[in-house]
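Asks: To start, I am sharing the structure in question, which I have written as C-alpha cells.
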Amino acid sequence: MSEKPKAQITIKKNGSYRVVGELPLVRKSQVVSEYGEPLTWHKEFTYETDPEAYYLCRCGHTQNPPFCDSSHRRVGFDGTETIPTKSTYERRIEFPDGSQISVRKDPTLCTESGFCGFLNLPIHEMMPGTTNTQTRSLVIAMVERCPSGSLTYSIPPIENDIEPDLPVQVADTTEITDEGPIMGPLWVTGNVVIEQSTGHIIETRNRVTLCNCGRSENKPLCDGSHRKYPRYRK
C-alpha cells in the first residue's frame, strides 16, 4: 500500500497553486466590531476537493474562485516570484517598551488584514501598557490572529516565538470592509511545505498568506494589494 503524499503546495510557473496531500480547503471570514475592527476568524464551511490534487487560482481572474479555471493562460498572467531571499528572522523589527513580552514584525509579510490594532490604538502604542496582564493578553490575542505571521511574540524565559496551534489546512479568506465583504488571500497554516516554480522551498512557517489576486509585488506572498483592487463576495 503506497503512502499518502505529504501535504504540499507547488507553484506552477505563471499559473496556479497545485495542492496535494489531502490538504483541507475551508472558507474563513473575518469577524469585526461595530466599528469595523477585525476581532477574530470564523470558519464557514469546508470545500469538497479532489483527494489526489486540486488547483487554486493565483491570477485573480478565475470565474470559479478559489479554484483555477485556467484564466491565467487567457490573460497572460505574469506570476514571477519575487519573494525576498532573507529569512523572516533577518527582516523583522522589534517593538520597543514591551514588559515581559517581545513583539516583532516582518513588514514584508504584512497583508493589511487589520489585526494589529484598534480604531485609534495600534498595537505598537499598546506596548508600554503590557506591564498590565490584561493588556499583555490582548496583545497576544491580536498577534496570534495575524494570518500572515508578520507579527510574532515571545515571553521570557521562552526565547523562541510562541506560535498558535493552527490546523494543517488552506483557508479561502473573506475580509470585511465598509463597502462589503471582499476576497482575501489564501491562508495556509500548520507548517505546510510550499515549493516555488524553480523548485526552491519557501521558508516553512506556521502561518503563510498567498496572493490570489495576481497583483502582489511580493509573489507568491500576499502584500495587501487585493484591498486596492477588491473582488467582492456575492
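The values are calculated or read from the model by the stated rules, or taken from the named source; none is laboratory data. This one's a predicted model, so the numbers in the text were calculated from it and none came from an experiment. So basically every Cβ, Gly included, is an ideal-geometry build from the backbone, and we count neighbours across all protein chains shown.
Asks: Consider region 27-68. How many of its residues are in contact with a Ser or Thr (Cβ under 9 Å, 6 or more places away or on another chain), within 19 Å of Val168 (Cα to Cα) and surrounded by fewer than 13 Cβ atoms within 10 Å (Cβ to Cβ)?
Replies: Qualifying residue count, region 27-68: 3.
Asks: What residue, of Tyr17, Tyr89, is buried (at least 16 other Cβ atoms within 10 Å of the Cβ), among the hydroxyl-bearing types (Ser, Thr, Tyr) and under 19 Å from the mean Cα position of the chain (by Cα)?
Replies: So the residue among Tyr17, Tyr89 that is buried (at least 16 other Cβ atoms within 10 Å of the Cβ), among the hydroxyl-bearing types (Ser, Thr, Tyr) and under 19 Å from the mean Cα position of the chain (by Cα) is Tyr17.
Conditions (1) more than 25 Å from Pro84 (Cα to Cα); (2) among the basic types (Lys, Arg), marked per residue:
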| site | (1), (2) |
| --- | --- |
| Thr130 | yes, no |
| Val139 | yes, no |
| Met142 | yes, no |
| Pro147 | no, no |
| Asn160 | no, no |
| Arg205 | no, yes |
| His226 | no, no |
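Asks: Next question. Within region 19-66, how many residues are farther than 29 Å from Glu144 by Cβ and touching a residue at least 12 places away in the same chain (Cβ under 8 Å)?
Replies: 6
Asks: For region 99-123, which positions are part of a strand (DSSP E or B) and either touching a residue at least 60 places away in the same chain (Cβ under 8 Å) or surrounded by 15 or more Cβ atoms within 10 Å (Cβ to Cβ) (or both)?
Replies: Ser102, Val103, Arg104, Lys105, Gly117, Phe118
Asks: Do we find that Glu144 is under 13 Å from the mean Cα position of the chain (by Cα), free of Cβ contacts under 8 Å to residues at least 40 places away in the same chain and at negative phi in this structure?
Replies: It is true that Glu144 is under 13 Å from the mean Cα position of the chain (by Cα), free of Cβ contacts under 8 Å to residues at least 40 places away in the same chain and at negative phi.
Asks: Taking region 71-98 on its own, how many of its residues are outside any helix (DSSP H, G or I) and in contact (Cβ under 8 Å) with a residue 60 or more places away in the chain?
Replies: Looking only at that region, the number is 10.
Asks: With respect to Arg74, is the statement that it is of a type in the set (D, E, K, R), at pLDDT 95 or above and under 18 Å from Thr174 (Cα atoms) true?
Replies: no
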